[in-house]
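Below is one structure, written out as structure tokens; the observations come after it.
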Amino acid sequence: MANHVDAIVIGAGFSGIYMTYKLREEGFTVKTLEKAAGVGGVWFLARYPGARCDSDSIYYNYIFSEELYKKWSWSSRFAAQDEILSYLNFVADELDVKKEMQFNTEVKSAIWDEDQTKWLVITAQGEEFTATYLISGVGCLSTSSIPNFQGRESFKGESYHTGNWPHTPVDLNGKRVGVIGTGSSGVQSIPVIAEEAKEVYVFQRTPQYSVPTRNRQFTEEEIAQFKEAFLDAREIMLNSPSGLPIPRSTRSVVDTPEEERVAILEDAWEKGGMILNNAFYDIVIDPKSNELVSEFLRGKIREKVKKSDVVEHLLPYYYYSTKRPILDTNYHDTYNQDHVTLVNLRQQPIECITENGIQTTEKEYPLDIIVFATGYDAMTGTLLKLDIRGRNGVSLQEKWENGAKVETYLGLGLAGFPNFFTITGPQSPSVLTNVPTAIEQHVEWISDCLNYLREHNVKTIEPTVEAEVQWSKQCTEIANGTLFTKTESWYTGSNIDGKSRDFLIYLNGLDNYRQLCNEVAEHGYKGYQLQYEEIKA
Ligand code: NA7
């Protein structure tokens, strides 16, 4: 007989830690299963040089508890991976949730048992659990991806993916290092790798806009001020579109006179962080507005890169901010160093990986180490890897037609999958917000929902097909009114060979989304169908 709990949570990152705590505090029994050896989710795995968050660290944390917030002090404006991992361990210990967690345990399948109205969860290690509720906390970026480069296995040197970096230091000293990819992970790691390596070759398919982090150590006075201002900051975060204390902008780029516009952009540039991409409301809506900001950022690249034959390859042409906005520390300046070489893959695509290095259509680059900064199968990758089967044995792969037709209700639930919840699931605001704030909203909503079900003797809850179709249509329509869908990115799924193109993020802001979710709950879970327990006479 399998171990039975009220809820099984998959994953022990930001989502899993809070979900576990919240449900336990509400009196539910919980088991949290985590593939890795500890808490942290992506922060446990992505230990590459230079890895850090790109929300200001004072906001990149839980805000549900003032006491918890005030017990922790961040050392710098943008915390590095090891500090974030320490923070998550600190929280897990403070909340005492590790006892509900089982590490080194990979969920292989979850099958809905119609007769027993419960989930049967089977792990890769051969254990079985049953639960009334199944909650995914697997995150949006947890399945790393290495493109299918021919000959990859033949490489005789070392190779690593940024999202799966070894736990022991990688010695780059005196090495020839090739980095494929210039997303956030590449942009963060390249300057740090260049500090140690003898030669660095950056294999770039798409040049990137980037804004400085302006990272710095906090003083004790500043930390005291942040803690003092916590309640005010939280209030703004809970009512902002991004989950950061940045109010919704009402300024249009094109409608702002040039002098004022440039002053705003310069100010945002000097302040660094995610201020610039939030400074105007129409950057990702109006192509003309976008071009004005894009050109401003190209100007900054031209100023930074001193080598005229290199700079032309570093100028981006896509709509700024329609790929994940990138923050950097000395990224473009790195190309001024003589031991750093940019390889433009638009001119010389990679043909294959050889035993000595990377072969492009022009030449072979001999390397000791290859770093794959090639990103993730985002949004749906991890969910589709799990074998989750709902009513009538229908799998998630079948329901979503292997990713070709992804439909959810609120990014939280799926028709045909009773008592199943997805924290930051596809079609919720997720990665286009400050993710911990989005996670908190989902965790609290799910926890309230489970309380409601318990109080009202509800056996199962699942979205109606109509609500799901409607929500998915709405998400697509909103996205189609923006420039996001005009750019190839992991937001649209186009970074993965063979993956269907779909924009799976709700774009109307976390503030509006929070209100919609609250209304759904206030109306007795509008859009869901509820099946009640039979009350025995
Ligand atoms: P990203 O942002 O998906 O970046 C991946 C990079 O790898 C990007 O520059 C891609 O170029 C490049 N790439 C992907 N496939 C290939 C192939 N086949 N050949 C050459 N180059 C390739 O992943 P990150 O890990 O940097 O960031 C993920 C998120 O994690 C980040 O946004 C934060 O939210 C945290 P492309 O742009 O597709 O041309």
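The values are calculated or read from the model by the stated rules, or taken from the named source; none is laboratory data. Just so it is clear, the model here is predicted, and its values are computed rather than measured. So basically every Cβ, Gly included, is an ideal-geometry build from the backbone, and we count neighbours across all protein chains shown. Heads up: the accessible areas ignore ligands, DNA and RNA and are worked out on the full protein's heavy atoms, side chains in. Shrake-Rupley method; radii C 1.70, N 1.55, O 1.52, S 1.80 Å.
Here are the numbers for this structure:
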| read-out | value |
| --- | --- |
| Whichever residue in the range 208-223 is polar (S, T, N, Q) and more than 14 Å from the ligand (Cβ to nearest atom) and, among such residues, is most open to solvent (accessible area, probe 1.4 Å) | Q217 |
| Number of positions in the range 171-207 that are in a helix (DSSP H, G or I) and either over 28 Å from the mean Cα position of the chain (by Cα) or within 16 Å of the ligand (Cβ to nearest atom) (or both) | 11 |
| The range 269-292: number of residues that are on the phi > 0 side of the Ramachandran plot and either part of a loop (DSSP other than H, G, I, E, B) or in contact with a helix residue (DSSP H, G or I) (Cβ under 8 Å, 6 or more places away or on another chain) (or both) | 1 |
| Residue count for the range 358-383, restricted to those that are open to solvent by less than 30 Å² (accessible area, probe 1.4 Å), over 18 Å from the mean Cα position of the chain (by Cα) and away from the ligand (no atom under 16 Å from the Cβ) | 1 |
| Leading residue by the ranking (surrounded by the fewest Cβ atoms within 10 Å (Cβ to Cβ)) among those in the range 487-513 that are over 30 Å from P316 (Cα atoms) and within 19 Å of the chain's Cα centre (by Cα) | D511 |
| Sole exception among (1) open to solvent by 30 Å² or more (accessible area, probe 1.4 Å); (2) away from the ligand (no atom under 16 Å from the Cβ); (3) not charged (D, E, K, R) for N148, by number | (2) |
| Some residue of the range 47-57 being surrounded by fewer than 22 Cβ atoms within 10 Å (Cβ to Cβ) and farther than 24 Å from G183 by Cα | no |
| Yes/no for T334 being open to solvent by 20 Å² or more (accessible area, probe 1.4 Å) and of a type in the set (V, I, T) | no |
| Pick from the range 384-402, criterion in contact (Cβ under 8 Å) with a residue 12 or more places away in the chain and open to solvent by less than 10 Å² (accessible area, probe 1.4 Å), ranking: nearest to the ligand (Cβ to nearest atom) | W400 |
| Close pairs from the range 491-502: first more than 12 Å from the ligand (Cβ to nearest atom), partner open to solvent by 50 Å² or more (accessible area, probe 1.4 Å), Cβ under 7 Å, at least 6 apart | S500/A404 |
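Yes or no, residue by residue, for (1) of a type in the set (F, W, Y); (2) in contact with a strand residue (DSSP E or B) (Cβ under 8 Å, 6 or more places away or on another chain); (3) free of Cβ contacts under 8 Å to residues at least 60 places away in the same chain; (4) within 22 Å of G375 (Cβ to Cβ):
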| position | (1), (2), (3), (4) |
| --- | --- |
| E235 | no, no, yes, no |
| V262 | no, no, yes, no |
| D282 | no, no, yes, no |
| I285 | no, no, no, no |
| K288 | no, no, yes, no |
| F296 | yes, no, yes, no |
| L314 | no, yes, no, yes |
| Y317 | yes, no, no, yes |
| V343 | no, yes, no, yes |
